[in-house]
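For reference, the structure discussed in these notes is given below.
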Amino acid sequence: MTTSPTTPPPDAQSADELAVRALYRRLLDAWNERSATAFAAPFAEDGEAIGFDGSQHTGRAGIAADMQRIFADHPTAAYVAKVRGVYLLAPDAAILRAVAGLVPPGQSDLNPAVNAHQTLVAARRDGRWQIVLFQNTPAQFHGRPELAQALTEELRQELPRAAAR
């Protein structure tokens, strides 16, 4: 496929896509640093997060308070993730789809039992991208162990990049 000066190459990412990816990266980095305040910061004031266990966290302040309890109550595993795509729905709305795994504290490999699909809905408000909804869904693949294994192998390829952060 040829491109003209006005047509970006197929693998080029727009500034908006890069901003949404950066928003997601901030979220995961904050989790890995166990910082409740930093985890909640990219959310819109009325944003929501749906946890791996189905728990719902509402509002930036509520998300921060809930994350503080989670981080205080037990050690958390570190995220390793791969963005599968960013889809700009409108000039001020986007969806990011990713897969993620967790490396338990003190270990160097993923725990495949907690692999997940993650969806982030972002909106540009007051000139900046914010998370409106973050959904973390278990990737259980009931009855299809080959899919669970393939996802684990895909995420293991991300381990060196995650370790470099």
Q. Which order do F52, F39 take by accessible area at a 1.4 Å probe, largest first?
A. F52, F39
Q) Quick one: Cα centre-to-centre distance for segment 32-95 and segment 14-29, in angstrom? A) 13
Q) In terms of solvent-accessible area of protein heavy atoms at a 1.4 angstrom probe, what is the ranking of T137, T37, T76, highest value first? A) T37, T137, T76
Q | Charge dipole magnitude, Cβ of K and R +1, D and E -1 - the chain, Cα centre, debye nearest 20 | A | 200
(Q) In Å², and per residue, what accessible area does the chain have when probed at 1.4 Å with the other protein chains present? (A) 54
**Q.** Heavy-atom accessible area order for E154, E48, largest first, 1.4 Å probe
**A.** E48, E154
Q: Could you check how much of the accessible area of the chain is carbon and sulfur, as a whole percent, using a 1.4 Å probe?
A: 55
Q: Would you kindly find the accessible area of E153, with a 1.4 Å probe and non-protein molecules such as ligands, DNA and RNA excluded, rounding to the nearest 10 Å²?
A: 80
Q: Report the antiparallel proportion of the DSSP beta bridges in the chain as a percent, rounded to a multiple of 5.
A: 90
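The values are calculated or read from the model by the stated rules, or taken from the named source; none is laboratory data. Keep in mind that what you see is a predicted model, and the values were worked out from it rather than measured. No Cβ is skipped: glycine too gets one built from the backbone with ideal geometry, and neighbour counts run over all protein chains shown. Surface accessibility is based on the protein's heavy atoms, side chains included, excluding ligands, DNA and RNA. Shrake-Rupley method; radii C 1.70, N 1.55, O 1.52, S 1.80 Å.
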